[in-house]
Amino acid sequence: MRKRFYIKLMLLLVLLGCSNSEEIIEPKPIFETEAQSQTEVDLFLKKEFTDPFGSVLIYKFRDNLIQPNQTATPVLLENVKPIAELIKKAWIAPYNKASNIGTEFLKRNFPAEIVIIGSPILNGDGTRLLGVADSGVRVTLVEANAFSLEEGADNSAWITQTFQTLHHEFAHIIDQNFNFDFEQYIQISSNDYSSPGTWTTVSNNDAIRRGMVTPYGTSAVGEDFAEMVSFLITTPEDVFRDRFITLEDCSMVAPGEIGACNLRNEGRQRIQQKVEIITEYLKNDVGVDVNILRDEFLSGI
Amino acid sequence: MNIYNKCLVLLGVFLITACASDNEIDPVFDENTQSRVLNRLSELNTLLVSSEFGWVADYVPDDNSGVYKMHIVFNEDNTADFTSDHNFGNTDAKTSYRVGIAQIPELVFENYSTFANITDNFDGRTSVDFSRDAEFQFNFTEQATETEIVLESKSDIEVVSDEGEVLAKKTELILRKASATDKETITSLRGNDVILLDNYVPNESTELLPFKGLVIQDAAGDIKLSTAYSYNPLFRNVSFAYEDNTETEIEEVLGVELTDNGFKLFNPFEFEGESFSDFVYDASTNTFNAVSGDSKATITGGDLPFFIGKDVFDIRTEGFTQALYRPSLGTNSFISDNFTSLINKLDVEFAPVNQQFFQISIDLFPTADIGTDIERNTRIGFVFFDSAGERVNYFYFLNSTIEDRKIKFDFVTAATQESFDNQPIFQDLIDFFTADGGLIYNNRGAFSTTTNSFSNQAATFLNTDDPSLGVYFVWL
């Protein structure tokens, strides 16, 4: 027994002897995180985006915000807070009102990152990106420097363009989180999506003929869905109805135009079908009333 | 030795070995990698913030650019305040900045700053292109002291030949510790670049002379060289176009640094052993003057071009036969406002008959070699669409010749009775083409407007009688 005691004692001494009390090893990140900025803008963003939604509004340029073959410039610092305010009014408030679970909806689905870029993102081939949604976690807004703070400036074109893009990108996120049934939807315009890279040659009227609200919508069924959602939210109801739903009186057009007019009307009927599917999906699967969403958006901008 | 003793001996060896902690070995660095990196970044940031009056820099984005004078104050809250002589200071916005680490320590101006604006090409408030790579990120070099910090562009790529020769260097940004007066000095330079503009006149009593050039005179006042001059405000450089004594066309593009009384050429303009760099502005004559030895260089205005290149002969050698000006293809800076006004008038005149202007065509008949005096070798057409979508043409015959490196059109006759009847409506445009002094023709490379780019070659006509009239067109 005594020998066993000595062995145990020696084992204990080995363990104690090897514990070097001079250095405590703790896991640490490679680089310490930046101290919480106390600037007015950063405190505002923390209060309005990070604390309630766990979302970071990124306005400080980093290389990894764009691809290596892309070029862009940062946003003006003075534009950040006004644009963030606009996001609150034209995105957060409408969804809070339109969702059947109120603020909880965006707490669950708000993107983890909203990136604001000052310029368009220019691709190496001369084309430009108007917005990006990455894997449901990041939405990128561009051309934020075109938003003017000058007194009396008319930012309506920028706001419309930007929030059409934003609601388009968020529609992708909604689809990713609430699985839209594309099997049914794609049947409506099944043969009318444009071949890859050719949507830029599609005119507005041709898009309507194909049952879509924009030429970009013809590029893929997912983009068709996102464009529909975006236009349903950002277009006044009467304007949407006049442009995309109400049938033209083809007896009033020139004889050579009657065929095209009839085709546009067929397209409008298909848009009507899509509106019904999307409205029902948003209402029943997502829990969002698109009519309230639209009205709140339009009153917020 | 039984098993227990063996175990005891073995454990004793372990104990001695395990506890023999050799703390006497000196580490290579006093701190671990993380601490060293953080300390280095902190040191660099402290250095930036430490300068009482901030930092100044002469920023030259690339070899074709002029000098932009900057004053930057780095604040404790990671914001930076800019004062520059660029764009009247209108784009000197406050920005946040980051001393961070990528592969090496970097200084990033994280919001839109003067740096970003200098390399930004705009259409209204929207960037359409970034000349010089939208440069606003820089890497620190080893040279960082209390008085001078040397940084390099992060976006530039150094190009080295197979022989090791550096063909293109990265842009260098050298921050020098500022004095109490540096900021004010830079502020005083704002707007001084306006006087460099081709169409600048100091006051209403001074006449706008349409052409600008550089004239070099010797001590006797004899003109030794006459060059065309133009200023590019986007790149802050001037260009001088002339011919050497072998009739080879030369265009020198030289960067400009603004001074309190004119400008300085970053690299001097050299001619026959003389070197001109410091140009002093004289408001009474609206001229810039520089002296080298007994020679004098003057940038001045004139009624006639100081230099006309040989582009006009390319019309013949390239075999161009039809030129089109079509507004629906878009616009660019070569189409003057006054010319556009003449076009707009056509739509007003033809609105009552429901005709809409479409294009101007210029046909150089291939059977009539331009440059020879063959009657009716050119036909100019004003093309409209009527309400049924049908084309309506109004044609006029001209004779074209080349004189003194200019193209000259002489009016011959209307091609049809309808053209004749409507000729008064087109007279201003016919007068544009048939200017007494002729039209200056310049090749402009591939056709490019705000809305279209084609591989077809484009060119311009500038009216020498009234240089406020110019048009850009495409060759078919």
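The values are calculated or read from the model by the stated rules, or taken from the named source; none is laboratory data. Bear in mind that the values here come from a model prediction, so they are computed numbers and not experimental data. Neighbour counts are summed over all protein chains in view; Cβ atoms, including those assigned to glycine, are modelled from backbone coordinates with ideal geometry. Just the protein is used for accessible areas: all its heavy atoms, side chains included, with ligands, DNA and RNA removed. Shrake-Rupley method; radii C 1.70, N 1.55, O 1.52, S 1.80 Å.
I need the calculated FRET efficiency for the pair B:ASP410 and B:PHE454, taking r as the beta carbon distance and R₀ as 30 Å, to the nearest 0.05.
0.45
Give me the distance between the Cα centres of the stretch B:59-85 and the stretch B:323-344, rounded to whole Å.
Using only Cα atoms, the two centres lie 38 Å from each other.
Please calculate how many Å² of accessible area the stretch B:402-455 carries per residue, with a 1.4 Å probe and no DNA, RNA or ligand atoms counted.
50 Å²
Nearest-5 percent of antiparallel DSSP beta bridges in the protein assembly as shown?
Among the beta bridges of the protein assembly as shown, antiparallel pairing accounts for roughly 95 percent.
Spin-label point model (7 Å from Cα, Cβ direction): what's the B:LYS345 to B:ALA168 distance in nm?
Inter-label distance under the simple model: 4.7 nm.
Could you tell me the calculated FRET efficiency between A:ASN291 and B:ALA220, based on Cβ-Cβ distance and R0 = 60 angstrom, to the nearest 0.05?
Computed FRET efficiency for A:ASN291 and B:ALA220: 0.10.
Calculate for the protein assembly as shown the 222 nm mean residue ellipticity that helices alone would give, adding -39,500 (n - 2.57) per DSSP H run of length 4 or more and normalising by residue count, nearest 500 deg cm²/dmol.
-8500 deg cm²/dmol, from helical runs alone.
Just to confirm my numbers, what's the Cα centroid distance between the stretch B:430-476 and the stretch B:209-261 in Å?
23 Å
Considering Cα pairs under 8 angstrom that are at least six residues apart, work out the relative contact order of chain B and quote it in whole percent.
9 percent
Can you give me the relative contact order of the stretch A:179-301 as a percent, contacts being Cα pairs under 8 Å and 6 or more apart?
Relative contact order for the stretch A:179-301 comes out at 27 percent.
Once the piece of chain linking B:SER188 and B:LEU304 is laid out straight, how much longer is it, given 0.36 nm per residue of separation minus the C-alpha distance between them?
Extending this stretch completely gives an extra 38.3 nm.
Under unit Cβ charges (Lys, Arg +1; Asp, Glu -1), what dipole magnitude, rounded to 20 debye, does chain B have relative to its Cα centre?
I would put it at about 1260 debye.
Explain nothing, just the number: relative contact order of the stretch A:100-213, from Cα pairs under 8 Å at least 6 residues apart, as a whole percent.
Value for the stretch A:100-213: 21 percent.
Along the Cα→Cβ direction, 7 angstrom out, place labels at B:THR331 and A:LYS47. What is the inter-label distance in nm?
It works out to 4.6 nm between the two label points.
B:VAL291: net charge of surrounding residues, Cβ under 15 Å, Lys/Arg +1, Asp/Glu -1, itself excluded?
-4
How much of the accessible area of the stretch A:144-291, in percent, comes from carbon and sulfur atoms when a 1.4 Å probe is used?
After summing per-atom areas, the C and S share lands at 48 percent.
Can you check what the net charge comes to around B:ASN393, using other residues whose Cβ is under 13 Å from the Cβ of B:ASN393 (Lys, Arg +1; Asp, Glu -1)?
-2
For B:ARG98, B:ARG376, write out the residues from largest to smallest accessible area, computed with a 1.4 angstrom probe and no ligands counted.
Descending order: B:ARG376, B:ARG98.
For the stretch A:212-301, what does the accessible surface come to per residue with a 1.4 Å probe? Please give it in Å².
With all protein chains present, the stretch A:212-301 gives 44 Å² per residue.
On the full set of protein chains, 1.4 Å probe, figure out the accessible area of A:TYR59 and give it in Å² to the nearest 10.
10 Å²
State which stretch of chain A is the longest one without any exposed GluC sites (Glu not before Pro), exposure meaning a DSSP loop state and at most 13 other Cβ atoms within 10 Å.
The longest uninterrupted stretch comes out as A:152-301.
What residue among A:TYR281, A:SER299, A:VAL229 has its Cα farthest toward the positive end of the dipole of the stretch A:179-301, where the charges are +1 on Lys, Arg and -1 on Asp, Glu, each on the Cβ?
Value: A:VAL229.
About the Cα centre of the protein assembly as shown, how large is the charge dipole given +1 on each Lys and Arg Cβ and -1 on each Asp and Glu Cβ? Please answer in debye to the nearest 20.
3580 debye
Compute for chains B and A the buried accessible surface, both sides summed, probe 1.4 Å, and express it in Å² to the nearest 100.
Approximately 3200 Å², summed over both chains.
Considering only protein heavy atoms, with the full assembly of protein chains and a 1.4 angstrom probe, order B:MET70, A:MET252 by accessible area, largest first.
A:MET252, B:MET70
At R0 = 30 Å, how high is the FRET efficiency between B:GLU76 and A:LYS81 if r is their beta carbon distance? Nearest 0.05 is fine.
Taking R0 as 30 Å, the efficiency between B:GLU76 and A:LYS81 is 0.90.
Considering only protein heavy atoms, with the full assembly of protein chains and a 1.4 angstrom probe, order A:ARG241, B:ARG405 by accessible area, largest first.
Order by accessible area, largest first: A:ARG241, B:ARG405.
Where a Cα-Cα gap under 12 Å defines reach, which aspartates and glutamates qualify for B:LYS310, not counting those fewer than 8 residues away within the same chain?
Answer for B:LYS310, where 12 Å is the Cα cut-off: B:GLU243, B:GLU247, B:GLU249, B:GLU403, B:ASP404, listed by chain and number.
Using only Cα atoms and rounding to the nearest 10 degrees, what angle (0 to 90) does helix B:417-433 make with the longest principal axis of chain B?
Once rounded, one gets 50 degrees.
Hey, if you put +1 on the Cβ of every Lys and Arg and -1 on every Asp and Glu Cβ in the stretch B:259-320, which of B:PHE320, B:TYR281, B:ILE308 ends up farthest toward the positive end of that dipole?
Farthest along the dipole direction, towards plus: B:PHE320.
Counting other Cβ atoms within 10 Å, keep those with at most 16, restrict to DSSP loop, and tell me which trypsin sites (Lys or Arg not before Pro) in the stretch A:46-118 are left.
Here the sparse-neighbourhood loop sites are A:ARG62.
Once whole DSSP H runs in chain A are found, which of them have Cα atoms spread over 18 Å or more along the helix axis and a mean Kyte-Doolittle score of at least 0.0?
Membrane-span-like by this criterion, though nothing is claimed about a membrane: A:2-18, A:221-234.
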